[in-house]
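Working notes, beginning with the structure itself.
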Amino acid sequence: MAETAGATASDGTPRRDFLTLVTTAFVGVGVGAVAWPFIASMQPARDVLALASTDVDLAPVAEGQAITVMWRGKPIFVRNRTAKEIEEARAVPMSQLKDPQADQTRVQKDNWLVMIGICTHLGCVPLGQKATDTKGPYDGWFCPCHGSAYDTSGRIRQGPAPRNLEIPPYAFTSDTKIRIG
Amino acid sequence: MAIGLHNSDFKNPVIRWVDQRMPIFTMMQKEYGTFPTPRNFNYFWNFGALAMVNLMIMIATGIFLAMHYTPHTSYAFDSVERIMRDVNFGWLIRYVHMNGASMFFIVVFIHIWRGMYYGSYKAPRELLWMLGVVIFLLMMATAFMGYVLPWGQMSFWGATVITNLFSAFPVVGEWIVQLLWGGFSVDNPTLNRFFSLHYLLPFVIVGVVFLHVVALHITGSNNPLGVEPKGPQDTLPFHPYYTAKDSFGLVIYFIVFAGLVFFAPNYLGHPDNYIPANPLVTPAHIVPEWYFLPFYAILRAVPDKLGGVLMMFGSIAILFVLPWLDSSPVRSMRFRPIARIAFLLWTICFFVLMYCGGMPAEEPYVTISRFATAYYFAYFLVILPLLGRLERPLPLPESIARAVLGGGGPMPAGAVAKPMDKA
């Protein structure tokens, strides 16, 4: 019917094709513009982002002790390492490491090890923070879920986890205080 | 073609493969592509499509709001404020949802008005109309419960007043009210169940809308002349004619909607609802949302508690029997000179009731409400039944094509006989 009503531009393109393309393009842009706020609303809200840094006082943590603090809903392992543990971590040759990283690159001060306490395999929290916990064959941390073992630098040494325990962004705000995030 | 496959007309191999096994493409083409639609629709016929879009907007924004909302009396108000202040674009999603409810009622009121003016409720579309009334009731229940969720003063006291309506019923009243509350006053159990039902009912609406559309596609649409199409000369394929017309209306609708959301998002609300719910203090002037005002005015116009509640529910329930109260065979008010005036008066009464419902329960509003309420019911119960017998309608056009094309269009043999006969 109306398709045959002669509506053809000078170059031979039917006008309806043009209108269809323009309409489709506008609908596409419109749907995208509307979808954006919906998707963005699922990203962390401003009050969540406001909690994205955590201050930790290290003064009460004696040598050989560890504490676990929350940062972004995750456990952060903070350990005041003994000289023996530091020695153990630095004596390991890189060739023995699955995810080679020197201990020096994982700490800001030699005795303070700050890590995200989440196994890089499937997200369990490894044991080893409490004095009574099993620390695994490498004297660091041991994940009870699938048997990943970490050393005194939190590096993966045995088991299915692919990477070392992650180091969060943090900074020393004074000699005995850090801000994570 | 293999045995058991649907005979598909589609050329695209992927679409064809699906269509042969599940002919949804054939169905869409039949119901929304070539679907024969009266050629003389005016813009009032946009509002069904607009209501459909509005429903989808409400469900989409509602699902995203529910991701951030907490249905607990201690957290509900704060979680809504958090949506407004902290959640990315939360203010936009909430304002769209909030004003979407108003837009939904504007659209549906016009849609219902259209049906009443052009006689769309008459045979053979009675069931289509009744399903529409069911949708309207579900919408009202959903909107009411949604308004309770922010747990502001108006939420709380609106919920208290509306649930107390049921206490008017003798014997079972108290029992029903306790059942609604889940306690001895509007409290946390009430909020919890209202949230649950507010999430459920829109999907029930989707189901009834589906039935509404199924019924529509059996009888076909009414049109401004109220004369059934008698052949292809009276109709146009739905696409592109009405997809285009609906799209244009949709753009206008979006402009109005956006104007409300971006420039006057709280215009249709009450400032009192930004005060957290307090069960010990009732706001000085409590009114429901604007779309409930006409019915609220009817409630207050009746000096008896049970009578008021029955009249209020009756004002909507009466729509169910409208197809049988209006005994005139002529659909469109264009050809009913007296009914047309009576209906326009009814429309004015509706707005008068809306105005009085928003005013304090004092004179002169109570008396005005009483007259308007009387006319509201008289239109259905006295005027329409009588006019069916007494009114002399104007001559109907022989066909849609005759009327809109000015005498042109070939008439199929036998189609001329009686204007009201179906094709």
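The values are calculated or read from the model by the stated rules, or taken from the named source; none is laboratory data. The model shown is predicted, which means the values in this text are computed figures rather than measured ones. Virtual Cβ from ideal backbone geometry, glycine too; neighbours counted across all protein chains shown.
Just to be sure, is B:A141 among the small types (G, A, S), more than 14 Å from every other protein chain (Cβ to nearest Cβ), assigned to a helix (DSSP H, G or I) and crowded, with 20+ Cβ neighbours inside 10 Å? Considered against the rule, which asks whether it is among the small types (G, A, S), more than 14 Å from every other protein chain (Cβ to nearest Cβ), assigned to a helix (DSSP H, G or I) and crowded, with 20+ Cβ neighbours inside 10 Å, B:A141 comes out as no. Checked against (1) within 14 Å of B:F35 (Cα to Cα); (2) assigned to a loop (DSSP other than H, G, I, E, B), B:V213 passes all but condition (2).
What pairs can you find where one residue is in region A:45-68 and within 14 Å of chain B (Cβ to nearest Cβ), the other is acidic (D, E) and part of a helix (DSSP H, G or I), and their Cβ atoms are less than 9 Å apart, with a gap of 6+ or different chains? Partner pairs satisfying both residue conditions: none exist.
The residue that is farthest from B:S399 (Cα to Cα), among those in region B:19-57 that are without any contact (Cβ under 8 Å) to a residue 24 or more places away in the chain and surrounded by 16 or more Cβ atoms within 10 Å (Cβ to Cβ), is B:Q20. Give me the residue from region B:85-104 that is more than 27 Å from B:G48 (Cβ to Cβ) and out of contact with any Ser or Thr (no Cβ under 9 Å at 6 or more places or on another chain) and, out of that set, farthest from the other protein chains (Cβ to nearest Cβ). Across region B:85-104, the extreme among qualifying residues is B:W91. Residues in region B:196-226 that are among the aliphatic types (A, V, I, L, M), farther than 23 Å from B:Y242 by Cα and without any contact (Cβ under 8 Å) to a residue 12 or more places away in the chain: 1 in all. The C-beta contact set for region A:14-35 (first residue within 12 Å of chain B (Cβ to nearest Cβ) and within 29 Å of B:V96 (Cα to Cα), second residue at pLDDT 95 or above and loosely packed, with under 11 Cβ neighbours inside 10 Å, distance under 7 angstrom, 6+ apart or interchain) is empty. Report whether or not B:G132 is surrounded by 22 or more Cβ atoms within 10 Å (Cβ to Cβ), more than 14 Å from chain A (Cβ to nearest Cβ) and touching a Pro at 6+ places or on another chain (Cβ under 7 Å). Here the answer is no, as B:G132 does not meet what is asked.
A quick yes/no check of all residues on (1) small (G, A, S); (2) surrounded by fewer than 17 Cβ atoms within 10 Å (Cβ to Cβ); (3) modelled with pLDDT of 95 or more; (4) farther than 18 Å from B:Y147 by Cα:
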| residue | (1), (2), (3), (4) |
| --- | --- |
| B:V227 | no, no, no, yes |
| B:K230 | no, no, no, yes |
| B:Q233 | no, no, no, yes |
| B:Y241 | no, yes, no, yes |
| B:A244 | yes, yes, no, yes |
| B:I252 | no, yes, yes, yes |
| B:F257 | no, no, yes, yes |
| B:F263 | no, yes, yes, yes |
| B:G269 | yes, no, no, no |
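For region B:144-183, which residues satisfy the criterion of being in contact (Cβ under 8 Å) with a residue 24 or more places away in the chain, of a type in the set (G, A, S) and not in a strand (DSSP E or B)? Hits for region B:144-183 are B:G146, B:S155, B:G158, B:A159, B:A168. Residues satisfying the criterion are present in region A:158-172 (criterion: in contact with a Phe, Trp or Tyr (Cβ under 9 Å, 6 or more places away or on another chain) and without any contact (Cβ under 8 Å) to a residue 40 or more places away in the chain).
For B:V281, are the conditions met, namely being among the hydrophobic types (A, V, I, L, M, F, W, C), away from chain A (no Cβ under 14 Å) and crowded, with 17+ Cβ neighbours inside 10 Å? Answer is no for this residue.
Say we look at region B:65-84 and pick out the residues that are touching a residue at least 24 places away in the same chain (Cβ under 8 Å) and within 14 Å of another protein chain (Cβ to nearest Cβ); which of these is nearest to B:G152 (Cα to Cα)? For region B:65-84, the residue satisfying everything is B:V80.
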